[in-house]
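Below is one structure, written out as structure tokens, with a few remarks after it.
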Amino acid sequence: MSSTILPADTYIVVNKTIITETDKKIVTTLYQPIIGNTAVSLYFTLIDDLLKREIMSNEETHHHLMSTMQIKLENLVIAREKLEAVGLLKTYVKKEDVNNYVYVLYSPMTAQEFLNHPILNVVLYNNIGKKEYDKIINYYKVPKINLKDYEDITANFNSVFSSVRGNIFNENDNIIDKNSRTLSLDKKVDFNLIISSIPKSMVHEKCFNDEVKHLIESLAYIYTIDDLNMQMLVRNSINEKGMIDKNELRINCRNFYQFENSGSLPTLVYTKQPDYLKSPQGDNSNRAKLIYTFENTTPFDYLSSKYKNGEPSQRELKIIEDLMINYKMKPGVVNVLISYVLKVNNQKFNKNYVDAIASQWSRLNIETVEEAMKIAEKEHNKMKKLVDKTKTPTKTNTDKKVENLPEWFGVELDKGQISKEQQEELDNLFKEFN
């Protein structure tokens, strides 16, 4: 859980692992498309803070990190949390007048582990697309060599070395080793329900071990499968030995999701705008605050904020997924589109209406929040001029035309984050478009 952090707060880096050049390549090729370049830069900066022994760093302040990376403190915290989320970092804090942090570094997963991970593999695919994904797969594939006509003549240890009397052997503890972390998820799967629903005669006593439970939690998360459906999928994945066939369970979950979602694979509606497409920091204007909100809010959270109670329907989430998969739209741009459509379409998130706008933005290759806001404003101005030219004395006719026009009304920041005066400023910012 995050705590309030100040530039003066200190930290040390502890190296829990052995990080090789291959590991660094994996971080940039596999992790970076998910966590962004700022988080990767933080990871490498923490490595550079280590001493020559590469075990522990000197004590530094967070101002040192901010200066080295040329980054704001809030963005530093976001980057750190991304590293924690994917298992590259663990953070400990001792709260005092000046808080003391310990950052423990871990190795990335191997390419084989990552590209077979039930969550990370799917997220990577959806973030970079099939073409780039295939390139990565080909890069990490080991070439197959046909050894059918060859004889294995590898020497054994005892055929090369002889046993001799030596000193007493001492076991060595706490020697640095290669360590990586698994992803941590909030426990949401009801395993008591799943296990109790399956006859004991069907399963081995070691069927639901920790590895299998973690896999089930991961699959339930990435494919948004509830307990009842997961119960069915688990039962269908039990082999003749009473164990869960992990590969079969993956396939069953993927097929179930695709069946429920017209053949598409899930994308994370919980992702934020990639760091490389975000606006530079330092602008404190109201417009910059609006852009910051779009860039640092997930489409799921943004659409959810439009509900007083409850959350988006599966149909609405499917529309967002289509925007990110079919139209290749970035999360921040999706947020602008959500706001735009709800404003001009009487708070209805209609697929046909969304697709019409998404098609145009896709053809224009809109990737940044700034570009999305500008094209919306441009369309508004164009249509407003058209209305002014076609106005007639008949009030009813004029109102009807105005009602069907796309208008850009801007976006509100989270009411809990700004004062009443600031909110009035933001409301006035786009007053000309109302």
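The values are calculated or read from the model by the stated rules, or taken from the named source; none is laboratory data. It should be emphasised that the depicted structure is a prediction, and the values quoted were computed from it without experimental measurement. In this analysis, Cβ positions are derived from the backbone assuming ideal geometry, glycine residues included, and neighbour counts consider all displayed protein chains. Quick note on the areas: whole protein, heavy atoms, side chains included, nothing else; ligands and nucleic acids left out. Shrake-Rupley method; radii C 1.70, N 1.55, O 1.52, S 1.80 Å.
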Practice problem: For I198, enumerate residues with amide H under 5 Å from its amide H, sequence gap 5+ or separate chain, H modeled in the peptide plane. | Solution: none
Self-check item: Accessible area in the full protein assembly, largest first, 1.4 Å probe, for K306, K131, K348
Solution: K131, K348, K306
Practice problem: Take each of the peptides 41-47, 279-285, average the number of other beta-carbon atoms within 10 Å over its residues, and list them starting from the highest. | Solution: 41-47, 279-285
Quiz item: HN-Hα J couplings of region 118-127 from phi, Karplus 6.51/-1.76/1.60, θ = phi - 60°, integer Hz, Gly and Pro as x?
Solution: x, 9, 4, 4, 5, 5, 4, 4, 6, 6
Self-check item: Inter-label distance, nm, simple model (7 Å from Cα along the C-beta direction), Q281/N381
Solution: 3.1
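Using a Förster radius of 22 Å, what is the FRET efficiency between K24 and K130 based on their Cβ-Cβ separation? Nearest 0.05, please.
FRET efficiency, K24 to K130: 0.30.
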Quiz item: For T4 and F44, FRET efficiency with R0 = 25 Å and r from the beta-carbon atoms, rounded to 0.05?
Solution: 0.45
Quiz item: When you count, for each residue, the other Cβ atoms within 10 Å and take the mean per peptide, how do 330-341, 60-71 rank with the highest first?
Solution: 330-341, 60-71
Quiz item: Using θ = phi - 60° and the Karplus form 6.51 cos²θ - 1.76 cosθ + 1.60, what ³J(HN,Hα) does each residue of region 244-251 get, whole Hz, x for Gly and Pro?
Solution: 7, 6, 4, 5, 5, 5, 4, 5
Exercise. Output the relative contact order of region 188-281, whole-number percent, from Cα pairs under 8 angstrom with separation of 6+ residues.
Key: 27
Quiz prompt | Amide H within-cut-off set for M56, under 5 Å, with H built and near neighbours excluded | solution = N15, L51
Quiz item: Quick one: if you stick a label point 7 Å off each Cα along the C-beta vector at K328 and K306, how many nm between them?
Solution: 2.6
Quiz item: So for the pair L364, S180, with labels modelled 7 Å out along Cα→Cβ, what separation do we get in nm?
Solution: 4.2
Quiz prompt | Nearest-0.05 FRET efficiency for D149 and V98, computed from C-beta distance (R0 51 Å) | solution = 0.15
Quiz item: With every protein chain left in place, what is the accessible area of R235 in Å² (1.4 Å probe, nearest 10)?
Solution: 90
